[in-house]
Every structure is written in structure tokens, then in C-alpha cells.
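Asks: Submitted below is the structure of interest, expressed as C-alpha cells.
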Amino acid sequence: MKVTYLGQGGLLFDFDGTLVIVDPYLSNSVEKIQPENKRRVAVDESFLKLKPDIILLTHNHLDHTDPETLKHYLSKDSSVTVLASHNAWNIVRSTFGGIKNNYVSFNVGTVWTEKGIVFEAVYAEHSDEYAIGVLITYNDKTYYVTGDTLYNKKVIDSITKKVDYVFLPVNGRGNNLNFVDGKNFCEKLGAVAVPIHCGLFDEIDLSDFPYENKVVPKFYKEIDL
């Protein structure tokens, strides 16, 4: 298993040849409507040439469900499983269609298994009311992608299994965890933390995240788990 950080909330998992892309944002879409949110790290276009087997979309915000990025992966001829929370699901299936693509409405409590990988949607506390986090289990390891979220007891209570690694936003803006709450969240889970969602629109240094048992990712690099 390999995982690469794509910036913002984006992750690329390689489960022994099965490619799973989570919330890819590889464009300048946000800047077009919010000029203050200009990319500080250029797009690595090699990641736009991938052919993912599964795309996971945690919520319908442009830096997570971005048609300008997704058009490189979805077309009328592609054959991709798209696990998308309700609002994101409505966007992608109406935008891209394609009879071979499988658009799965992936909401809290839903479990989807494909190619030996188990995906379970869990609660996220965010401004998209259908936002989700996802537990991804493969070869007896569970990777928890929180999606954009705040620290909420309902989030913790929705975790149904032991988490080995947690990927969480810690930028403290837009209804996301800040450093203090992120640290408390990780301590509650007892997992290795991979802090994300910083450095693209801001100058936050992820190495400053005050949780000891962490791995700091770098843009477009494989994360050393």
C-alpha cells in the first residue's frame, strides 16, 4: 500500500495496483471565484494522467469536488466507481454521466467493498450537511480520512473500529479542526496522524502540528507510513 499527498484534502492511495483518489483538487477553480485563495504550489500535471479505479468525494466544496480536476478522470467512456456524499453525488453524476461509471450515493453508515478494500462512510461535522469521513480498511489496517470536519462527539462516536492512521485537516478555517482540537482528536483516536489541508492557500507549516505521533506529508510525495 502506498499513499501520496496531492495537496489540500487530496490523497492518492495505491492498494497493490488499485488506485483510489480522494478529493483531488488539481486546478485553479477556487481562485476564479475567491481570488484570495491562490495556489501557492503549482499543479503537478502528471497526476491528471492517472486512471483511477475509485474516486472518493467527501463533500461538495470546490476544493474537494472540482469538475475541472475530475474531467481528467471521468468521461462518457471511463469506467470508474465514484463514492460520493449526497451533494457531491448529485454534481458528478449530472456533470459527467457515462454508462460505465458507477456513481454510488455514499452517506453516513454506508459500506462499500471493492477489490478487497472496505470503505465505510462516517459522520463529519462540516458546513456541507452531507459531508462524510471515510474508514478505508485493507489488509487489516484502517486508514481514516476525516474529510473536512470539526471536533464533535458525533464524529468520534461514528468510528466503529480501531484506526491505524488518520488523515485530518488542521488549518482551523472553514469549519475545520485547528491545531489544538486536532491534537485532542488524534489523542482520542490513538492513531498515527497525517495532518493535511495546509500550505496551498495559506502559510501554515504542518510540521508545527503539536501531536507527537505524526507523519508530515509533502506535496506530491509518497507518505512514509
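Asks: Can you name every residue in the range 168-187 that is in a loop (DSSP other than H, G, I, E, B) and either among the polar types (S, T, N, Q) or surrounded by 19 or more Cβ atoms within 10 Å (Cβ to Cβ) (or both)?
Replies: V170, N171, N175, N176, L177, N178
Asks: Here is a follow-up. If you check Y103 against the conditions, is it crowded, with 16+ Cβ neighbours inside 10 Å, assigned to a loop (DSSP other than H, G, I, E, B) and of a type in the set (S, T, Y)?
Replies: In short, no.
Asks: So in the range 125-158, with the set limited to residues that are under 23 Å from Q8 (Cβ atoms), more than 12 Å from the chain's Cα centre (by Cα) and not polar (S, T, N, Q), which one is surrounded by the most Cβ atoms within 10 Å (Cβ to Cβ)?
Replies: Restricting to residues being under 23 Å from Q8 (Cβ atoms), more than 12 Å from the chain's Cα centre (by Cα) and not polar (S, T, N, Q), the top hit is H126.
Asks: Then there's this: Failed condition for G199, given (1) of a type in the set (G, A, S); (2) within 21 Å of I132 (Cβ to Cβ); (3) touching a Gly at 6+ places or on another chain (Cβ under 8 Å), with all others met?
Replies: (2)
Asks: Let me ask something else about it. Pairs please, first residue from the range 197-225 and within 21 Å of N28 (Cβ to Cβ), second anywhere and of a type in the set (D, E), Cβ atoms under 7 Å, 6+ apart in sequence or on different chains.
Replies: Correct list of pairs: Y220/D44.
Asks: Could you run through the range 209-221 and say how many residues are surrounded by fewer than 16 Cβ atoms within 10 Å (Cβ to Cβ) and either charged (D, E, K, R) or at pLDDT below 95 (or both)?
Replies: 3
Asks: Name the residues in the range 189-203 that are out of contact with any Cys (no Cβ under 8 Å at 6 or more places or on another chain) and surrounded by 14 or more Cβ atoms within 10 Å (Cβ to Cβ), would you?
Replies: Scanning the range 189-203 gives L189, A191, V192, V194, P195, I196, H197, C198, G199, L200, F201.
Asks: In this structure, is L206 surrounded by 13 or more Cβ atoms within 10 Å (Cβ to Cβ), at pLDDT 95 or above and out of contact with any Ser or Thr (no Cβ under 9 Å at 6 or more places or on another chain)?
Replies: Answer is yes for this residue.
Asks: Moving to a separate point now. Which ones in the range 61-85 are of a type outside the set (F, W, Y), over 11 Å from the mean Cα position of the chain (by Cα), crowded, with 20+ Cβ neighbours inside 10 Å and part of a loop (DSSP other than H, G, I, E, B)?
Replies: Matches in the range 61-85: H61, D66, L74, V80, S85.
Asks: While we're on this one: Read through the list (1) under 22 Å from P217 (Cβ atoms); (2) in contact (Cβ under 8 Å) with a residue 12 or more places away in the chain, then give the number of the only condition that A84 fails.
Replies: Checking A84 against (1) under 22 Å from P217 (Cβ atoms); (2) in contact (Cβ under 8 Å) with a residue 12 or more places away in the chain, the one that fails is (1).
The values are calculated or read from the model by the stated rules, or taken from the named source; none is laboratory data. What you are looking at is a predicted structure, and each value in this text was computed from that prediction instead of being measured. FYI the Cβ positions are ideal-geometry reconstructions off the backbone, even for glycines, and counts take in every protein chain you see.
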